[in-house]
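Asks: Sharing a structure here in structure tokens format.
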Amino acid sequence: MIRTSIEDGVRTLRLDRPEKKNALTGDMYNALADALETGNGDDAIRCQLICGQPEVFTAGNDIGDFLQYAGKVAIDETPVVRFLRALVRNEKPLVASIDGLAIGVGTTLLMHCDMVFASPRSLIRSPFVDLGLVPEAGSSLLGPQLMGHARAFELLCLGNGFSAEKAAACGLVNEVVEDDVDAVAFACAKDIAAKPPQAMALSRKLLRGDTSVLSDRVEEEIKIFASRLTAPETIAAFQAFMMKKKA
């Protein structure tokens, strides 16, 4: 479930599936995509804030849910792909608040955020290669741009977990917050929302530059990701993961 609220020009999108560590389902991806897409044309929304629950931002994709979708429709018609495209096309400032696990897409979506705040107990990790897959959400392009090749390789290919402090040192997190990370993130989002909206939009667009290259990379990742789903090593990795999960 995604709980939404609007206050002082900030729309908060709270991931609310704590019993499954906020693993994202198709319905949740669609809700997030809806929020980003409608926000683009809503003058009342000047900033969007994504946050999770205490001790967990998101454990990433709900694999069982994703496989059900992927088995019924082409991968580029799945809710997760809709969300990834919405991230690229998002026009409003985006802030994230992380407390605890930020796994898979919980890591890669941060690269699309304008400000990221994390608690000291946060853990950022992307085990794509461990599952026989490849990075997504344009992270294969944005990661090296943000962190340099070596750090991006460590995060996206080796799959090492990054602490909040290490992520901040790499430029993925703006600030490590000792107290109420959601409150600090909301205060930042509120400050963004209070600024002249057209000047903010134009400035953000200049900073982001031409997003067509990013869009092309996302589409390339989607095609490779889809081809990997039927690869023997990916099937074996998924089976091992599901068995470990049941155990």
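Asks: Exactly one of these conditions fails for Gln239: (1) farther than 14 Å from Phe117 by Cα; (2) open to solvent by 30 Å² or more (accessible area, probe 1.4 Å); (3) touching an Asp or Glu at 6+ places or on another chain (Cβ under 7 Å). Give me its number.
Replies: With (1) farther than 14 Å from Phe117 by Cα; (2) open to solvent by 30 Å² or more (accessible area, probe 1.4 Å); (3) touching an Asp or Glu at 6+ places or on another chain (Cβ under 7 Å) applied to Gln239, the lone miss is (3).
Asks: So, one more: Looking at the stretch 24-58 only, could you name the residues that are more than 30 Å from Ala199 (Cβ to Cβ) and surrounded by 23 or more Cβ atoms within 10 Å (Cβ to Cβ)?
Replies: Leu24, Met28, Tyr29, Gly52, Val56, Phe57, Thr58
Asks: Looking at the stretch 168-182 only, could you name the residues that are touching a Ser or Thr at 6+ places or on another chain (Cβ under 9 Å) and open to solvent by less than 60 Å² (accessible area, probe 1.4 Å)?
Replies: Listed by number, the residues that qualify are Leu172, Val173, Val176, Val177, Val181, Asp182.
Asks: Let me ask another. Which members of the stretch 64-81 meet the condition of being aliphatic (A, V, I, L, M) and modelled with pLDDT of 80 or more?
Replies: Across the stretch 64-81, the qualifying residues are Ala74, Ile75, Val80, Val81.
Asks: Turning to a different aspect of this structure: Kindly provide the set of residues from the stretch 191-207 that are more than 15 Å from Val95 (Cβ to Cβ) and charged (D, E, K, R), ordered by number.
Replies: Result: Lys205, single match.
Asks: Next question. Output the residue which, of all residues in the stretch 97-134 that are of a type in the set (Gly, Ala, Ser) and part of a strand (DSSP E or B), is farthest from the chain's Cα centre (by Cα).
Replies: By that ranking, first place goes to Ala118.
Asks: Now for a separate question. Of the numbered conditions (1) open to solvent by 10 Å² or more (accessible area, probe 1.4 Å); (2) at pLDDT 95 or above, Ala96 satisfies every one except a single condition; which is it?
Replies: Result: Ala96 passes all but (1).
Asks: Moving on. Can you tell me which residue in the stretch 6-23 is farthest from Val81 (Cα to Cα), limited to those that are open to solvent by 40 Å² or more (accessible area, probe 1.4 Å) and either touching a helix residue (DSSP H, G or I) at 6+ places or on another chain (Cβ under 6 Å) or assigned to a helix (DSSP H, G or I) (or both)?
Replies: Filtering the stretch 6-23 for residues that are open to solvent by 40 Å² or more (accessible area, probe 1.4 Å) and either touching a helix residue (DSSP H, G or I) at 6+ places or on another chain (Cβ under 6 Å) or assigned to a helix (DSSP H, G or I) (or both), the one farthest from Val81 (Cα to Cα) comes out as Asp8.
Asks: Name the residue, out of Leu202, Leu207, Leu155, that is in a helix (DSSP H, G or I), in contact with a strand residue (DSSP E or B) (Cβ under 8 Å, 6 or more places away or on another chain) and not acidic (Asp, Glu).
Replies: Numbers: Leu202 fails: in contact with a strand residue (DSSP E or B) (Cβ under 8 Å, 6 or more places away or on another chain); Leu207 fails: in contact with a strand residue (DSSP E or B) (Cβ under 8 Å, 6 or more places away or on another chain).
That would be Leu155, the only listed residue that is in a helix (DSSP H, G or I), in contact with a strand residue (DSSP E or B) (Cβ under 8 Å, 6 or more places away or on another chain) and not acidic (Asp, Glu).
Asks: Going through Asp179, Asp114 one at a time, which residue ends up being of a type in the set (Asp, Glu) and modelled with pLDDT of 95 or more?
Replies: Going through Asp179, Asp114 in turn, the sole match is Asp114.
Asks: Going through the stretch 224-235 one residue at a time, which ones are touching a residue at least 40 places away in the same chain (Cβ under 8 Å) and surrounded by 12 or more Cβ atoms within 10 Å (Cβ to Cβ)?
Replies: Of everything in the stretch 224-235, those that are touching a residue at least 40 places away in the same chain (Cβ under 8 Å) and surrounded by 12 or more Cβ atoms within 10 Å (Cβ to Cβ) turn out to be Ile224, Phe225, Ala226, Arg228, Leu229, Ala231, Thr234, Ile235.
Asks: Also, quick follow-up: Quick check on my filter: what residues within the stretch 203-223 are open to solvent by less than 70 Å² (accessible area, probe 1.4 Å) and not polar (S, T, N, Q)?
Replies: Correct list: Arg204, Gly209, Leu214, Val218, Glu219, Glu221, Ile222.
Asks: Within the stretch 105-125, identify whether any single residue is more than 25 Å from Ala187 (Cα to Cα) and open to solvent by less than 20 Å² (accessible area, probe 1.4 Å), and answer yes or no.
Replies: Looking for residues that are more than 25 Å from Ala187 (Cα to Cα) and open to solvent by less than 20 Å² (accessible area, probe 1.4 Å), one finds none in the stretch 105-125, hence no.
Asks: Looking at (1) of a type outside the set (Val, Ile, Thr); (2) assigned to a strand (DSSP E or B); (3) open to solvent by 70 Å² or more (accessible area, probe 1.4 Å); (4) in contact (Cβ under 8 Å) with a residue 60 or more places away in the chain, which one does Arg3 not meet, given that it meets all the others?
Replies: With respect to (1) of a type outside the set (Val, Ile, Thr); (2) assigned to a strand (DSSP E or B); (3) open to solvent by 70 Å² or more (accessible area, probe 1.4 Å); (4) in contact (Cβ under 8 Å) with a residue 60 or more places away in the chain, Arg3 is out only on (4).
Asks: Among the residues of the stretch 141-166, write down those that are within 11 Å of Met111 (Cα to Cα) and open to solvent by less than 40 Å² (accessible area, probe 1.4 Å).
Replies: Matches in the stretch 141-166: Leu141, Leu142, Gly143, Met147.
The values are calculated or read from the model by the stated rules, or taken from the named source; none is laboratory data. Values in this document were obtained by computation on a predicted structure and should not be read as measured data. Positions of Cβ are generated from backbone atoms using ideal geometry, with glycine treated the same way; all protein chains shown enter the neighbour counts. For accessibility, only protein heavy atoms count, side chains too; no ligands or nucleic acids. Shrake-Rupley method; radii C 1.70, N 1.55, O 1.52, S 1.80 Å.
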